[in-house]
Amino acid sequence: MYAISLGDDGAELCPLEPWQADEFLAHVDRGREFIGQHNGLPDIITDLESSRAFLQAYADKTAADTGRIHGIRTDGQLVGAVIFRRLDVARGTAEAGCWLEPSAVGRGLVTRAVRTIIDWAVEERGIHRVEWVVSAANAPSIAVARRLGMTKEGVLRESHPYRGKRHDEEIWSVLAPEWRAGRQPS
């Protein structure tokens, strides 16, 4: 299996596949409460069967060229993931997302990993617009959007029902020309 280096600290980005369901479930279990603050993943991944089904759904998206999932590893251990929830090559749009378990927070892993997948989407797949949809209460994820040079387009007020409460969601995006301009050395 291939791995893409995320920097000098040994962190790597690797595809996640259904045969890794045990490891994926263990990762979600380690971060269940933390991840679940803003992300419904822990409500979906509850056992080995649901873990395998989730990874299979992304394997199917990969095969159909409509989505992707990659794990973030440090010292060989799965500590998070980045995804393209949606990938529409014909329209030139994608929606990226992420999560980390608590042990991996604060090291820039998500920013580096998302930068890698956006580079791929823009340069290899011809994606023109990458979106980032985030709970307005998720300050760390909003900080990632800012570090990536995304623009806040608006707030969808009380648009997302989650765990019995309606939450505001922010929409952030970056367009291919902006992305390329931001990637140029200064």
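The values are calculated or read from the model by the stated rules, or taken from the named source; none is laboratory data. Note that this is a predicted model, so its numbers are computed, not measured. Quick reminder, even Gly has a Cβ in these numbers, built from the backbone with ideal geometry, and neighbours come from all protein chains shown. The area values use the complete protein model at the heavy-atom level, side chains included, leaving out ligands, DNA and RNA. Shrake-Rupley method; radii C 1.70, N 1.55, O 1.52, S 1.80 Å.
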Check your understanding: What ratio of Cα Rg to 2.2 N^0.38 Å holds for the chain?
Key -> 0.99
**Study point:** Local net charge near residue 46, Cβ-Cβ under 15 Å (Lys/Arg +1, Asp/Glu -1)
**Key:** -2
Practice item. Rank these residues by their accessible area, most exposed first, probe 1.4 Å: 152, 61. Key: 152, 61
Review point. If each of residue 3 and residue 157 carries a label point 7 Å out from its Cα toward its Cβ, how far apart are those two points in nm?
Key: 4.8
Check your understanding: How big is region 98-186 by the Kirkwood estimate over distinct Cα pairs, in Å?
Key -> 14.1
Review point. What does the helix-only formula give at 222 nm for the chain: each DSSP H stretch with n ≥ 4 adding -39500 (n - 2.57), the total divided by the residues, and the result rounded to the nearest 500 deg cm²/dmol?
Key: -11500 deg cm²/dmol
Review point. From the backbone phi of region 24-30, what are the Karplus-calculated ³J(HN,Hα) couplings (6.51 cos²θ - 1.76 cosθ + 1.60, θ = phi - 60°) in whole Hz, Gly and Pro given as x?
Key: 5, 4, 4, 4, 4, 4, 5
Check your understanding: For region 44-126, what is Rg from Cα atoms divided by 2.2 N^0.38 Å, rounded to two decimals?
Key -> 1.14
